[in-house]
Amino acid sequence: MNRDMLVIGGGIAGIQSSLDLAEMGFKVYLVERLPSIGGKMAQLDKTFPTNDCAI
Amino acid sequence: MLDVGRHPNIELMAYSEVEQVEGSAGCFKVRVRRKARYVDEAKCTGCGACREKCPTDVLDMYNEGHSTRKAIYSWFAQGIPSTHTIDPDHCRVLQGKKCGVCQKRCEAGAIDFEQKDKIVELDIGAIIVATGYTVFDPGKIPEYRYKDLPNVVTAVEFERFLSASGPTHGHIDRPSDILARREIAELEKEESRLQKTLARYEEKAGASSQSVFEAFAAETAPPEQQQWMEKYREYLPLTEKLAALRSKAEGFTTAKRLAFIQCVGSRDLRFYPFCSGFCCMHSIKEAIIAHEHENATTSVIFGMDIRAVGKGFDEYKVRGGNKSNITYRRSRVAEIVNGPNNNPVLVYEDTQLQKVVREDFDLVILATACAPNEGMKEMAAILGIELNRFGFFKTRPENPLDTTREGIFVCGCAHSPMDIPESVAQASSAASRAVQTVTVTPAKLLKIS
């Protein structure tokens, strides 16, 4: 059985999944279609309900 | 994001696409196409010297087309990886023309016009699909006249206007004013070009253009000055037009009266019947931030109801109303028409006054639906999983993150519309489901034997 993980999409969900898996000790391949990860969230200025910076 | 870039267990494959998935849970064979960036990822330091001299301007979709980037670009300033990418559809060299300025400027020698797509084969235990969503195209709703009226924008566009790194550096300039300023800049360029030409004629003849023009009118000027006069005739209306535009531009102010229209494409039987869940909150957030930028800003949020369901969300809504000049108006806007000074005029029924009202605003922001991503069908075909009736990946209520194929899990907006806190929570759950697929437990061994 392979233990490596594939995450498709580098938005906030993909990033969180990848980090969790990597912290658990698994090798993760994170595939993103665009030149940089971040997804829709990287386009946001602030996030609700805390008005924290998105990036 | 930065943590992803430097985590030893994560191999980041940006600018890549999954092409084929074979096998079954625990032993998937996955083929990934690493698209050619024409920039060597190992050498590029992300300094940006290449893009300073690139001659080609392309609309920047990170800023929703409200600014331009170069043909060699990084997706956004803080992007991970910071490796630049050449856009093959716009690069002069890759379009067969002469250029290569970036190659000369790159001190790291990272530019490689000969780079080809690379195919990578991976052996994978479990897959998490987090392909996200796309913003509903409000152009499908003719009564809101998106793209037709300049001062009607989507919430993501407005988000870019609010951002200090956005096209207006955080000032809420109205798109109609931005267009006018751009026109002024273009006319000024043309004006200075004509002025230079006229100055050359004037120097040569030792007379002013105006005096020759008058001589022409009196038919006393020599015919060889015909060309000069043609240029001058071009110049005169241009200066008039420019003066008129300039005096108009003096009256430009930032947008201070904002209207937010909720449920654009969602809770609408013509498009998506579901509630997108986060739009009420992001409209409130944008109104609060706009008020923070400029205290005189007032906002009206038009919606059937405000759905502030989540930890601390309702308090946020109340705070917006009390402290950030937000009015919540229960109404479904029927139509947007153009008013004087490019102000969008909203026609709606105020359900409390029981009256049809026309009200004008500086800027209208459409809270667009969370629509399934483009290419979901192709993605589903590659992964061998099913879509639900709206076009999101299909899951079962008893295992909400399991797709129809064992070993493939879904989270975030590829699952269904959801906000950031929920996406993060789901992502962690999906990670744990994926681990369960590849871990051998005594119970599993018993099942096999």
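The single residue among B:410, B:440 that is of a type in the set (A, V, I, L, M, F, W, C) and more than 24 Å from residue A:41 (Cβ to Cβ) turns out to be B:440.
Pairs are defined by a Cβ separation below 7 Å, a sequence spacing of at least 6 or placement on different chains, a first member in segment B:34-62 that is of a type outside the set (Phe, Trp, Tyr), and a second member that is open to solvent by 30 Å² or more (accessible area, probe 1.4 Å) and in a helix (DSSP H, G or I); the pairs so defined are B:49/B:105; B:50/B:105; B:53/B:101; B:53/B:105; B:54/B:101; B:55/B:101.
From the set of residues in segment B:390-422 that are polar (S, T, N, Q) and within 27 Å of residue B:270 (Cα to Cα), which is nearest to the other protein chains (Cβ to nearest Cβ)? Looking at residues that are polar (S, T, N, Q) and within 27 Å of residue B:270 (Cα to Cα), I get B:416.
The number of residues in segment B:418-441 that are of a type outside the set (Asp, Glu) and open to solvent by 30 Å² or more (accessible area, probe 1.4 Å) comes to 12.
Could you please tell me which pairs satisfy a Cβ distance under 6 Å, a separation of 6+ or placement on different chains, a first residue in segment A:26-55 that is more than 7 Å from chain B (Cβ to nearest Cβ), and a second residue that is assigned to a helix (DSSP H, G or I) and open to solvent by 10 Å² or more (accessible area, probe 1.4 Å)? Going by the 6 Å Cβ cut-off, the qualifying pairs are A:54/A:41. One residue stands out in segment A:4-14 among those that are within 27 Å of residue B:316 (Cα to Cα) and outside any loop (DSSP other than H, G, I, E, B): the one that is nearest to the other protein chains (Cβ to nearest Cβ), namely A:13.
Taking residue B:141 as the residue in question, decide whether it is under 25 Å from residue B:13 (Cβ atoms) and in contact with a strand residue (DSSP E or B) (Cβ under 9 Å, 6 or more places away or on another chain). No, not satisfied.
For every residue, the table says whether it meets (1) of a type in the set (Ser, Thr, Tyr); (2) more than 29 Å from residue B:413 (Cα to Cα); (3) part of a helix (DSSP H, G or I); (4) open to solvent by less than 20 Å² (accessible area, probe 1.4 Å).
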| site | (1), (2), (3), (4) |
| --- | --- |
| B:216 | no, yes, yes, no |
| B:236 | no, yes, yes, no |
| B:239 | yes, yes, yes, no |
| B:243 | no, yes, yes, no |
| B:252 | no, yes, no, no |
| B:255 | no, yes, no, yes |
| B:285 | no, no, yes, yes |
| B:302 | no, no, no, yes |
| B:328 | yes, no, no, no |
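The condition (being among the polar types (S, T, N, Q) and either part of a loop (DSSP other than H, G, I, E, B) or farther than 20 Å from residue B:254 by Cβ (or both)) is satisfied by just one residue among B:341, B:322: B:322. Might you let me know whether segment B:277-285 holds any residue that is β-branched (Val, Ile, Thr), closer than 30 Å to residue B:192 by Cβ and out of contact with any Ser or Thr (no Cβ under 8 Å at 6 or more places or on another chain)? No: zero hits.
Take segment B:14-46 and flag every residue that is of a type in the set (A, V, I, L, M, F, W, C), in a strand (DSSP E or B) and surrounded by 19 or more Cβ atoms within 10 Å (Cβ to Cβ). B:18, B:21, B:28, B:30, B:32, B:39 - these are the residues of segment B:14-46 that are of a type in the set (A, V, I, L, M, F, W, C), in a strand (DSSP E or B) and surrounded by 19 or more Cβ atoms within 10 Å (Cβ to Cβ).
Only residues that are within 13 Å of chain A (Cβ to nearest Cβ) and either more than 25 Å from residue B:415 (Cβ to Cβ) or touching a Pro at 6+ places or on another chain (Cβ under 6 Å) (or both): list them for segment B:304-325, please. Of everything in segment B:304-325, those that are within 13 Å of chain A (Cβ to nearest Cβ) and either more than 25 Å from residue B:415 (Cβ to Cβ) or touching a Pro at 6+ places or on another chain (Cβ under 6 Å) (or both) turn out to be B:312, B:313, B:315, B:316, B:317, B:318, B:319, B:320, B:323, B:324. Condition first: within 25 Å of the chain's Cα centre (by Cα), within 23 Å of residue B:115 (Cβ to Cβ) and not small (Gly, Ala, Ser). Can you find one or more residues in segment B:18-26 that meet it? Yes, there is a match, as at least one residue in segment B:18-26 is within 25 Å of the chain's Cα centre (by Cα), within 23 Å of residue B:115 (Cβ to Cβ) and not small (Gly, Ala, Ser).
Residues that are in contact (Cβ under 8 Å) with a residue 12 or more places away in the chain, open to solvent by less than 70 Å² (accessible area, probe 1.4 Å) and not aliphatic (A, V, I, L, M) within segment B:189-199 comprise B:190, B:191, B:197, listed in sequence order. Considering segment B:260-278, and only residues there that are within 14 Å of another protein chain (Cβ to nearest Cβ) and open to solvent by 10 Å² or more (accessible area, probe 1.4 Å), the residue that is nearest to the chain's Cα centre (by Cα) turns out to be B:278.
Contact map, segment B:1-24: residues that are in contact (Cβ under 8 Å) with a residue 12 or more places away in the chain and within 9 Å of chain A (Cβ to nearest Cβ) paired with residues that are surrounded by fewer than 20 Cβ atoms within 10 Å (Cβ to Cβ) and polar (S, T, N, Q), Cβ distance under 8 Å, separation 6+ or inter-chain. Pairs shown: B:1/B:78.
Restricting A:14, A:9, A:25, A:38 to those that are open to solvent by 30 Å² or more (accessible area, probe 1.4 Å), of a type in the set (Gly, Ala, Ser) and at pLDDT 90 or above reduces the list to A:25. From the list B:328, B:348, the one residue that fits, being of a type in the set (Phe, Trp, Tyr) and free of Cβ contacts under 8 Å to residues at least 40 places away in the same chain, is B:328.
The values are calculated or read from the model by the stated rules, or taken from the named source; none is laboratory data. Computed from a prediction, not measured in an experiment: that's the story for all the values here. Neighbour counts run over all protein chains shown; Cβ positions are idealised from the backbone, glycine included. Only protein heavy atoms, including side chains, enter the accessible area calculation; ligands, DNA and RNA are left aside. Shrake-Rupley method; radii C 1.70, N 1.55, O 1.52, S 1.80 Å.
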